[in-house]
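Below is one structure, written out as C-alpha cells, with a few remarks after it.
All of the numbers you see were taken from the coordinates with simple rules; none came from a lab. Note that the coordinates shown come from a computational prediction; the quantities given were computed from them, not determined experimentally. Cβ sites come from the backbone with ideal geometry, for glycine too, and all protein chains shown count toward neighbours.
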Amino acid sequence: MDDDKRLAAEAALAEVRDGMLVGLGTGSTVAFLIAALAARAPRVDYVATSEASAAAARAGGLAVRDMGEVARVDLTIDGADEVDARLYAIKGAGGAMLREKVVAAASDRMVVIADGSKRVRAIGAAKLPVEVLPFARAFVAARLAGLGAQVEARKTLTDNGNLILDARFAAIADPQALAAAIDAIPGALGHGLFLDEVDAAYVAADGIVTRLER
Ligand code: DER
C-alpha cells in the first residue's frame, strides 16, 4: 500500500510548476508527496493544512508560508479517506479537515492522492469527522445523533483547539443535504464532506495509477 501511496503522490507531483504556491494536505499519503518535493525541490512556495505537515515540509527544506496571509493557492494536493467517481470525498481521519477545506477552497485546483483502498462506489462508509467548538460539544453531538449518526468524541484537539466528533451514518444517501444540515448546526465549525473541492484524483492500486477528472 505504501508503494501505491508513493505512486499516487509522484503522479500528482507532475502538476507542480515553478512559481506556484502549492497547498500541502495532511496524512501518510501526503508524507510521500512532501518527501518527493524535498527531493525534487521545485522552485515553489507552500502553505500547509496542519502543523504536522508544516513541520515535515520545513524539515525537508520546503518554504512554508503563513496561510493567514494567503487568499489564493495555485494547486493543493491532499489525501482522502474515501473518494468516489463523482469526486466526492470524505476527509478528516487525520483531524485537519477544517484547514484542509480552507486551503482547498482557496485553490484554483485541488487534487486528491490515494491508494486503491480509498476508492469507493459512493462515499459514506467512513466515519465523518466534524470539528466542534468545545462550548457546543453536547449540543452538536445531539444534533448529529438527530441526523442519524452514532457519535464518538476524539481525545485529541485539532490544531485550532477544537474537538472532533466522529459521526458514523448507516449510509449517506444525499451528501449535499447532509453537508448543508451539518453546516447549519451552530458550533459545528467544519466537517469532512468534500463535495465541491476535488478537481481530480490520482488513485494507485497494485502499481497502476488512475486519474479521475471532474
Ligand atoms: O485527514 C485527512 O483528511 C487526510 O488527508 C486523510 O484523509 C488521508 O490520510 P492518509 O493519506 O494517511 O490515509
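Peptides 145-152, 178-185, 71-78 ordered by packing proxy, namely the average of other Cβ atoms within 10 Å per residue, highest first: 71-78, 178-185, 145-152.
For the chain, the longest principal axis of the C-alpha atoms and the axis of helix 2-13 are separated by about 70°.
Once you sort the root eigenvalues of the Cα gyration tensor of the stretch 30-187 as a ≥ b ≥ c, which label holds: rounded (a/c under 1.5), prolate (a/b larger than b/c) or oblate (the other case)? Kindly include the intermediate steps, with their values, before the conclusion.
Values: a/c = 2.13, a/b = 1.57, b/c = 1.36.
Because a/c hits 1.5 or more and a/b exceeds b/c, the stretch 30-187 counts as prolate.
Working note: Debye formula, equal point scatterers on the alpha-carbon atoms of the stretch 1-119, no solvent; log10 I(q)/I(0) at q = 0.13, 0.18 Å⁻¹ is -0.42, -0.84.
Name the trypsin sites (Lys or Arg not before Pro) in the stretch 141-178 that are in a loop by DSSP and that have at most 11 other C-beta atoms within 10 Å, would you?
Lys155
In plain terms, if you count all Cα to Cα distances in the stretch 83-150 and split them into 10 Å steps from zero, the share in each step is 17, 42, 32, 9 percent.
Across all Cα pairs in the stretch 101-205, the calculated P(r) in 10 Å bins from zero up to the longest distance comes to 14, 43, 35, 8, 0 percent per bin. Estimated at 0.36 nm per residue, the fully extended path between Val209 and Arg137 surpasses their Cα-Cα distance by 21.9 nm. Counting only residues at least eight positions apart within a chain, or on another chain, the lysines with an alpha carbon under 16 Å from that of Lys101 are Lys91.
Here the relative contact order of the stretch 50-134, from alpha carbon pairs under 8 Å that lie six or more residues apart, stands at 35 percent.
Which peptide among 12-20, 93-101 comes first, and what is the full order, when sorted by highest mean count of other Cβ atoms within 10 Å? Don't skip to the end; give the middle numbers.
Working: 12-20: 14.4, 93-101: 25.1.
Put in order of decreasing packing, that is 93-101, 12-20.
Amide hydrogen proximity for His191: with H placed 1.01 Å from N in the peptide plane, the residues at 5 or more positions away or on another chain lying under 5 Å are Glu131.
Relative contact order for the chain: 24 percent, from Cα pairs under 8 Å spaced at least 6 residues apart, divided by residue count.
Backbone amide hydrogens, once placed in the peptide plane, bring Thr76 within less than 5 Å of Gly23, Arg109, Met110, Val111, excluding anything fewer than 5 places away on its chain.
If you bin all the Cα-Cα distances of the stretch 1-67 at 10 Å, starting from zero, the percentages per bin are 23, 60, 17, 0.
Using C-alpha pairs below 8 Å separated by at least 6 residues, the relative contact order for the stretch 120-168 is 47 percent.
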